[in-house]
Structure formats: C-alpha cells, structure tokens
Amino acid sequence: MSNGPVAGLPPLAVADRLDALRALLDDAGVDALLVTGTTNVRYLTGFTGSAGSLWVDGWRAVLMTDGRYGDQAPAQVAGAGAEVDVEVVGSSDRSPVTALADGSARIGLEARSVTWSEQRRLANLLDGDPVATDGLVEGLREVKDDGEVARIAAAAAIADRALAEVRPALVAGAVEADLALALDHAMRTGGASDRAFETIVAGGPNSALPHARPGSRPLADGDLVVCDFGAVVDGYRSDMTRSFRIGGPGSGREADLLSAVLDAQEAGLALVADGVPLAEVDAACRTSLDAAGLGEAFTHGTGHGVGLDIHEGPAVSATATGTLRVGQVVTVEPGAYLGGFGGVRWEDTVLVTADGHRALTRSPKDP
Ligand code: ZN
Ligand code: ZN
C-alpha cells in the first residue's frame, strides 16, 4: 500500500497570507488577532499540529504550541517558505499573550473557535475584554492560490480513479459498507492521506437520506445508489457525488429522477463564473427541479466551498449574499430525495475562473 505524498505539487504561497490578514485587522477593530482555529493556524503558518495558537499583530507572528510539537512546529513553519516570518514559542496555556499584548486593549479573538471559559481566561491574561472577530481568516481561505488548487485537483483525481476502480463492484448483492470501504481503500492506495469525510454509499431507501451512513443491506436490482466521497492531499479535500441505478438507468421513475437532478446540476454549473451571485446558482438548481415537480424533494443547499475543511466558505445557498470570485473552489450538488423510494444527488467540485469554471472532479455521469 502506497500512501506517500503526491509528487510534483507546487509550493503553497504561505508567506503572503499573514500580510493579507494584517491588512484586515484595523477594519475589524483590533491591533492584533489571536488565531485559535487549528485549520486557520495551519493556513497561516504551515503548522499541522492539533494544539497551537498564533498571535498576529502589525509586525509579529508568534506560534504558541505545547512541548509535544517542539520539533515539528519550527520544521513545518520553516518548510512553509523562507519568507514566512513566524516565531515559535513553547507554551501550553497561551500565557505569552500578556507580554505580546503589552497593554493594548484591541486584541481580537476568533469567536467561532474560542469557548466561553477560554475567553474569560484570556480576558484575565490580557487584563481587559478581548474583541470578538468573525471569519477573518476564513474569508481569506475562500480564494485559493495555485498550490491549493493543485492539491484539491490531486485529491479529486484520486477520488475519480477510486470510483473507476470500485465501479465494477456496484452490482446487486454488494453491501453498502463494503463498497464504502473499497472506495476508502482505493483512495489511500491512490495516494490520499485520508478520506475527506465519512464516505457515503447509500442504496435503495437509504439513498433518500442525504446524509445516510453505509449499512449492511445488500443492493438489489433497480436500487438507486448515491456515492458521496472525497480524498485528502496535503490537507486539502475533494468532494464528489455520483448516483447510479443497479442494472443501469432503465427508463422508469429512477431514470427520470437521475436525469432531472442532472439537468438541475447542469443549470447550476452553467452559471458558475466570477461575479455571479451565489444565490443565483442555488436558484438555477431549484428552478430546474421545481419545473420537474421535484422542488420539495431538494432539501439542502446547493453547495459549499472546499479546501482545508470539507465545508467552508462560500455557501452556495438561497440566503447567500455574496458573489462567486476567481479562485474559489465550490461544490454544486443538487439532490432530490423521495422518502421510501430513493434519492439522487450529483456533485462536482469546481474552480471558479474569470469566464466560467473548471471541474476538478471528473468522473463520468453515467448512472
Ligand atoms: Zn459530497
Ligand atoms: Zn459537498
């Protein structure tokens, strides 16, 4: 089993990210930000440990980690690029923030990742109430650079190959959980460091549950099957769903459902380009399914950003207020779920470009 890193990936442009964050601090009403979200710390420094927080102010970046990461942290920060100017200090309790703040009252915390008790403890260390910030680093992470896109594309290609390998086993009598395991195994042997999330293989009535867990039920002829899975390469994830009917699409109700949802996905994908409102992409999918009488069966948002996290910004939904931007990587994944009968979802991970998009997941859609 080979699960080493995928070769030939361009370096990540970590060096620019700290300055991009610094440019946001004043508008956020802070002089410094204590970054505590572990994925955000990784994004800004290259450090992959599960415990660490990063102090960022106008001129310094200080990574505080506990003793377990004494060697790993400096090596990873150095590996992220010569211009990444991050000092690493050993600390298990973030006490260095007292000296770093040096009396300043405008210290930001990441509201999404700090617990109430931590917030109170930091208020003591800082001798004053910190300022809540929301989504500063997450906002930067929405637009991917070339190195990030290359990693997501590599993860997507691994998932494509895994499906091609497992597809012949998608037959009557096969068990959902075995097929999910086969996909996971194929992704690992194909070079993924992990699966991007818990792989879904859901057949028959189970396919009508958008977040079904693979069970022990053998697939039967005529079953609809939803396979939703992704790979991880160097921390970056891919996300793809393909739907099938055991025995081929045929010409019945299953075939209608498979093609109606595919039409909806194509209507959404056709809009994906720089500057297009996110809500319009969602509306295109919804309008298409409405026209097919399946509006009520589409019970979730159209898509989400993908990167270091499987679900990140931007959300592609009816309530989204922003627009797509070049460099974002999003999914378009309409579905229709008919309780007691079955469900269908088609999902691709795509890169937004100036004049449209490029699909990163490329498995054929031949149910
Ligand atoms: Zn998915
Ligand atoms: Zn998804």
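Overview of values
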| quantity | calculated |
| --- | --- |
| Normalised contact order of the chain, rounded percent, pairs of Cα under 8 Å and 6 or more residues apart | 15 |
| Distance between the stretch 127-153 and the stretch 1-74 - C-alpha centres, whole angstrom | 10 |
| Rounded accessible area of residue 278 (nearest 10 Å², 1.4 Å probe) | 10 |
| Prolate/oblate/rounded label for the stretch 146-359 (Cα gyration tensor, a/c 1.5) | oblate |
| Karplus-derived HN-Hα couplings along the stretch 119-136 (A = 6.51, B = -1.76, C = 1.60, θ = phi - 60°), whole Hz, x at Gly and Pro | 4, 5, 5, 5, 4, 5, 4, 8, 6, x, 6, x, 9, 6, 10, 9, x, 5 |
| Residue-span extension gain [residue 164 to residue 66] - 0.36 nm each, minus C-alpha spacing | 30.9 nm |
| Potential lengthening between residue 50 and residue 171 on full extension [0.36 nm per residue; Cα-Cα distance subtracted] | 39.5 nm |
| Tensor-based shape of the stretch 14-141 (alpha-carbon gyration tensor, a/c under 1.5 rounded, otherwise prolate or oblate) | oblate |
| Accessible solvent surface per residue of the chain, calculated while the other protein chains remain in place, 1.4 angstrom probe, Å² | 42 |
| Hypothetical label at residue 213: residues of the stretch 223-249 whose amide nitrogen lies under 20 Å (7 Å Cα-Cβ projection) | 226-230 |
| Apportionment of accessible area to carbon and sulfur, the chain, percent (1.4 Å) | 52 |
| Ordering of 247-253, 130-136, 306-312 by packing [mean C-beta count within 10 Å, highest first] | 306-312, 130-136, 247-253 |
| Peptides 179-187, 65-73 ordered by average Cβ neighbours within 10 Å, highest first | 179-187, 65-73 |
| 361, 323, ranked by accessible area, largest first (probe 1.4 Å) | 323, 361 |
| Residue-averaged 222 nm ellipticity for the chain, from DSSP H runs of 4+ at -39500 (n - 2.57), nearest 500 | -10000 deg cm²/dmol |
| Å³ per residue enclosed by the Cα convex hull of the chain | 146 |
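The values are calculated or read from the model by the stated rules, or taken from the named source; none is laboratory data. Note that the structure is predicted; figures quoted are calculated from it, not measured. Positions of Cβ are generated from backbone atoms using ideal geometry, with glycine treated the same way; all protein chains shown enter the neighbour counts. When the accessible area is computed, the model is the full protein with side chains, heavy atoms only, and any ligands, DNA or RNA have been set aside. Shrake-Rupley method; radii C 1.70, N 1.55, O 1.52, S 1.80 Å.
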